[in-house]
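Only one structure is covered here, and it is reproduced in the block below.
The values are calculated or read from the model by the stated rules, or taken from the named source; none is laboratory data. Since the model is a prediction, treat every value here as computed from it, not as a measurement. Because the Cβ atoms are built from the backbone with ideal geometry, glycine has one as well, and the counts that use them run over all protein chains shown.
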Amino acid sequence: MDSIDDPAVLRAIIAAQAAKLVAHQAEIGKRNSIIDILKAQLHLLRHGKHGASSEKINRQIEQYELMLEEIEATRAEAEAAKPPLPEAQDQPEKAKRRPLPDNLPTEDKVYEAACSCPTCGGTSFLKAADKVTQVMEYVPESMKIVRHVEKHLICKDCDTTVAGEMPTLPIARGKPGPGLLAHIMVAKFDDHIPLYRLSEMFDRIGIDISRSVMADWVGRVSALLAILVSEIKAYIAAADRIHTDDTPVEVLDPGRGKTRTGRLWVYVVDGSGYRDKSPKAIAYYYSPDRKGEHPAEHLTNFKGVMHADGYGGYKKLYGNQITEAACMAHVRRKFHDVIKLKASPIADEALVQIGALYDIEEKIRGMAAEERCTLRRQHAKPVLDGLHAWITETLPTIPQKQKLAEAMRYALSRWRALSLYIDDGRVEIDNNIAERAIRPIGIGRKNWLFAGSDKGGERIANILTIIETAKINGHNPKDYLTDVLTRIKDYPIDRIQELLPWNWAPNAAKPVR
């Protein structure tokens with residue numbers, strides 16, 4: 001092995017580092033050029049019509065705004081994920097920060113110094129200058145300045161300075177308080193408001209916060225919450241019952257000047273239907289396409305029952321570790337689709353029998369798993385067996401190319417997985433739990449239209465994991481995020497699970513490190 005003192009080895013190391021630096025600088029230059037181009041395009045679109053329709057121009061403006069938002073958020077997330085530099089090496093700010101508005105109400109939060117000197121135990125002090133940190137905080141429909149005042153005292157006996165201690169700010173040297181950051185994250189990812197529109201909303205109450213600044217904050221908060229996202233996903237992978245679904249999401253493809261279709265996947269643990277006391281959780285993943293390799297990767301460590309639709313990419317997963325539980329709602333939907341085209345007494349009969357199964361489920365919802373299993377065997381099994389026999393008998397008598405025949409074949413091909421719930425009270429009749437969890441993305445698509453990049457898609461998935469898991473555990477996501485962002489930087493890493501939504505105690509005392 002070559003010695004580190006060998007000049008040739010040292011030269012090779014220096015050359016490698018220099019090459020990395022050149023590549024990094026080139027990437028920064030490329031990103032900055034894209035930002036400049038996008039800003040120039042925005043300026044032209046806003047101040048010149050170019051003969052295009054107003055609607056088309058407005059959509060282009062939305063696209064460019066979102067592209068800038070994603071680039072700036074991704075840059076901030078990458079920077080926030082880097083190890084912090086020592087204080088002496090702290091780099092200067094990239095640009096002079098604007099002063100906080102002087103027209104906002106101000107609130108003082110005072111942190112009293114300890115009553116005894118930690119060095120000598122003395123209790124006699126001289127007053128020293130307070131340390132004051134100002135941040136801008138959000139309150140509903142308004143804004144205020146919060147002055148964090150750390151009281152300082154000097155021990156008369158040994159000159160030790162004793163000070164109160166404010167919580168570490170979520171963004172070092174930043175102006176936003178945790179409540180403002182929580183408001184922005186919920187507005188963007190739960191209320192589906194693009195940042196440039198949120199900036200316009202702030203402007204209406206006299207607050208100047210640009211899209212670019214908020215994108216930077218979003219990226220840094222995303223990096224800060226990454227550890228909780230990982231914990232939620234690990235918890236779901238270790239469960240023995242999950243629900244899964246996926247939905248398309250448009251992703252900007254700047255190189256081609258159009259969008260392409262990515263995918264958001266959801267995995268849910270929710271046993272409330274059978275009184276399961278295990279925590280409920282929802283995890284989202286993003287992928288650039290819908291290949292079966294993605295759920296296979298997401299579920300590498302999962303063993304148990306998986307509720308899912310008939311997507312072919314799942315087929316390779318079923319076997320020794322994963323058991324399929326099919327969705328009766330999908331079967332019912334296919335018979336409904338037949339009726340939408342034209343009246344069909346046969347499809348009506350199928351819906352009546354499936355409805356009888358759902359009537360039974362309505363009556364046993366919330367019972368213990370053992371009770372559900374007993375009642376299903378007694379009441380649902382005869383109905384399900386009758387439905388199977390009726391479909392088997394009826395199918396050969398109808399034209400095989402009709403949608404009605406397709407619906408019947410769909411049901412028969414999945415009958416074993418459709419029947420699994422009869423003998424297991426922990427299994428549901430359908431996959432509606434996952435479909436409800438995927439619904440917010442459909443609502444969001446109408447507002448934010450698309451993700452700005454693959455990295456943006458991953459960020460949407462991660463933040464939705466936090467927000468939707470908070471909601472399924474009965475929390476207001478804004479309250480949850482405000483508290484977590486107040487505490488997470490000071491929280492002992494070996495106790496970070498205490499901040500997960502199902503463990504969260506908003507008024508818990510500060511842990512001792």
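Okay, here's what the table says:
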quantity: The one condition in (1) surrounded by fewer than 17 Cβ atoms within 10 Å (Cβ to Cβ); (2) of a type outside the set (Gly, Ala, Ser); (3) in a helix (DSSP H, G or I) that Asp191 fails to fulfil; calculated: (3)
quantity: Residues satisfying the stated conditions in segment 101-134, i.e. within 27 Å of Gly174 (Cα to Cα), surrounded by 12 or more Cβ atoms within 10 Å (Cβ to Cβ) and of a type in the set (S, T, N, Q); calculated: Thr133, Gln134
quantity: Of residues in segment 418-438 being touching a His at 6+ places or on another chain (Cβ under 6 Å) and aliphatic (A, V, I, L, M), the one surrounded by the most Cβ atoms within 10 Å (Cβ to Cβ); calculated: Ala434
quantity: Selection within segment 194-231 - polar (S, T, N, Q) and farther than 20 Å from Gly452 by Cα; calculated: Ser230
quantity: Selected residue (only one of Arg241, Arg275 is among the charged types (D, E, K, R) and closer than 21 Å to Gly310 by Cβ); calculated: Arg241
quantity: Filtered residue count, segment 256-305, keeping only those that are over 21 Å from the mean Cα position of the chain (by Cα), closer than 14 Å to Ile433 by Cβ and assigned to a strand (DSSP E or B); calculated: 1
quantity: Single residue of Ser210, Ser199, Ser222 found to be within 16 Å of the chain's Cα centre (by Cα) and either farther than 30 Å from Glu362 by Cβ or of a type in the set (D, E, K, R) (or both); calculated: Ser222
quantity: Test: residue in segment 95-111 that is at pLDDT 80 or above, over 26 Å from Ile207 (Cβ atoms) and acidic (Asp, Glu); calculated: no
quantity: Test result for Val162, out of contact with any strand residue (DSSP E or B) (no Cβ under 6 Å at 6 or more places or on another chain) and under 30 Å from Pro492 (Cβ atoms); calculated: no
quantity: Of the criteria (1) touching a Cys at 6+ places or on another chain (Cβ under 7 Å); (2) modelled with pLDDT under 95, which one His307 fails; calculated: (2)
quantity: Given (1) out of contact with any strand residue (DSSP E or B) (no Cβ under 7 Å at 6 or more places or on another chain); (2) under 15 Å from Lys151 (Cα atoms), index of the condition Pro99 fails; calculated: (2)
quantity: Unmet requirement for Glu428, which otherwise passes all of (1) assigned to a helix (DSSP H, G or I); (2) touching a residue at least 12 places away in the same chain (Cβ under 8 Å); (3) closer than 29 Å to Val249 by Cα; calculated: (1)
quantity: Residues satisfying the stated conditions in segment 357-382, i.e. in contact (Cβ under 8 Å) with a residue 24 or more places away in the chain and closer than 18 Å to Thr392 by Cβ; calculated: Leu357, Lys381
quantity: Among the residues listed as Glu62, Glu70, the single one being closer than 17 Å to Ala215 by Cβ and modelled with pLDDT under 70; calculated: Glu62
quantity: Selected residue (criterion: nearest to Tyr421 (Cα to Cα)) from residues of segment 200-249 that are in contact with a Gly (Cβ under 9 Å, 6 or more places away or on another chain) and assigned to a loop (DSSP other than H, G, I, E, B); calculated: Asp240
quantity: Matching helices (runs of 4 or more DSSP H) fully within segment 320-413 where at least 3 residues are under 24 Å from Ile242 (Cβ atoms); calculated: 328-341, 345-364, 369-375, 403-413
